[in-house]
1. Give the separation of the Cα centroids, region 334-351 to region 280-319, in Å.
2. Specify the residue with the greatest mean-square fluctuation among 106, 278, 183, computed from a Gaussian network of the chain linking alpha-carbon atoms under 10 Å apart.
3. Residue 191: net charge of surrounding residues, Cβ under 14 Å, Lys/Arg +1, Asp/Glu -1, itself excluded?
4. Specify whether the C-alpha gyration tensor of region 251-360 places it in the rounded, prolate or oblate class, a ≥ b ≥ c being the square roots of the eigenvalues: rounded for a/c under 1.5, otherwise prolate if a/b is larger than b/c and oblate if not.
5. Rg(Cα) of the chain divided by 2.2 N^0.38 Å?
6. Ranked from highest to lowest mean number of other Cβ atoms within 10 Å per residue, what is the order of the peptides 5-18, 137-150?
7. So which trypsin sites (Lys or Arg not before Pro) in region 1-73 pass both tests, a DSSP loop state and at most 14 other Cβ atoms within 10 Å of the Cβ?
8. Of 53/306; 59/194; 193/225, which sit over 21 Å apart, Cα to Cα?
Amino acid sequence: MNRTIFHIDVNSAFLSWSAVKQLKENPDAVDLRTIPSVVGGDIKTRHGIVTAKSIPAKKYGINTAEPITSALQKCPNLVVVKGDFQTYREYSRAFIGILRSYSELLEQVSIDEAYLDVTDLNCESPVALAGWIRDEIRTELGFTVNVGISTNKLLAKMASDFAKPDRTHTLYPHEVKDKMWPLDIGDLYGCGKKSAEKLRSIGIRTIGDAATMDEMLLKSQLGDKFGEYIHNAANGLGSDVVHPEHEDAKSYSNETTMANDITSVSYDNDMPPVVRRLSEKVSGRLKKDGVFGGTVTAQVKTSDFKRFSRQMKLSESTDNADVIYENAMILLGKLLTGEDGLFNYDIGIRLVGVGVDNLDNGEFRQGNLFDWMTTGKQEIREEKQREEKREKLEEMERLIKGKFGDGAIKKGN
């Protein structure tokens, strides 16, 4: 099965984050993103390099990593702001937090970009889902991102670098020839400036040229490993494995984004199967890791990106899907259909999540009645069968005794 991989990249991250902070502190300030501006260096000492630039600054030919003095020569009215890495870290954490709310299969590759595997969300329209992510980040955090969509990380990364800002682009394997092959060879992810110059010197000017070039020729010019990479990458081949950070889990949860909002009208039909599926996923992960959850959590995200959650502490911890499901449905019922439920305000539900926390390894767990009833059905059936067999044997004994007398049945026979 093909994966659905997103690459999400903050547009001009450092400059955007500096602009957002400045506007929060002074709403009347000029938005740095709308004027020729850069982050980096010091305009007074004229030292340092450009670490981020606005789109208007790009029109002056200003590039990242060029000296501030050079940038000022190109645009004397250029606005230069110092970097603020404390602010950047805060916005990065908030950015990653929103992405993680959509899928736990998240691989952060830098402060301002990450891969997200959304295959398990079973979303009918990945483009629509990407739009929701972009909208939420813009609404909640005040800056924009590009989202690239494909079946592997390489193509998703390439797609996110297409036209900016605040755009969604797809680059599926069947689109590679039309969308990627015409690009300059220097635009191929992983092909540096020197490698691109070397390839141009032998007539390889576009990504399509590299894709159709004999692989042995590429290896002879670039070495076996890098030559193979360029040939594979130019043909759209790459890894589809998103590597999340591994650490001891403090909670287990699964979420899904709905193709259509759940409303008060569709709740009874749409919510139970979704919660059942999520509960089974959480249960499966708990059992795989041999842990139990003492608190069940249910959460939703509304169509305007607000998140609400409710939790319930269990009398005893569990890894049972039925227990998780029953309690999650109770919580969602109160949250959505209760006296002050969200449905009373005609609010639609876009995302549903089920989770457990307050984990333990089961060493103090005695097992409660609900667990026994749901997990002991097989034992009950077997005991019933044994009882029925004993009753049949006793009935046969009575019949034999009635016909042939007590001595007709010998012990041990």
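1. Each part reduced to its Cα centre gives a spacing of 19 Å.
2. Checking each option, the largest mean-square fluctuation is seen for 183.
3. Net charge around residue 191: +1.
4. Cα axes put region 251-360 in the prolate bin.
5. Here the Cα radius of gyration is 1.41 times the empirical estimate.
6. Listed from highest to lowest mean packing, they are 5-18, 137-150.
7. 44, 46, 59
8. 53/306; 59/194
Computed from the coordinates by the stated procedures, all read-outs in this text should not be read as laboratory data. The structure presented is a predicted model; accordingly, all values stated were derived computationally and were not measured. In this analysis, Cβ positions are derived from the backbone assuming ideal geometry, glycine residues included, and neighbour counts consider all displayed protein chains.
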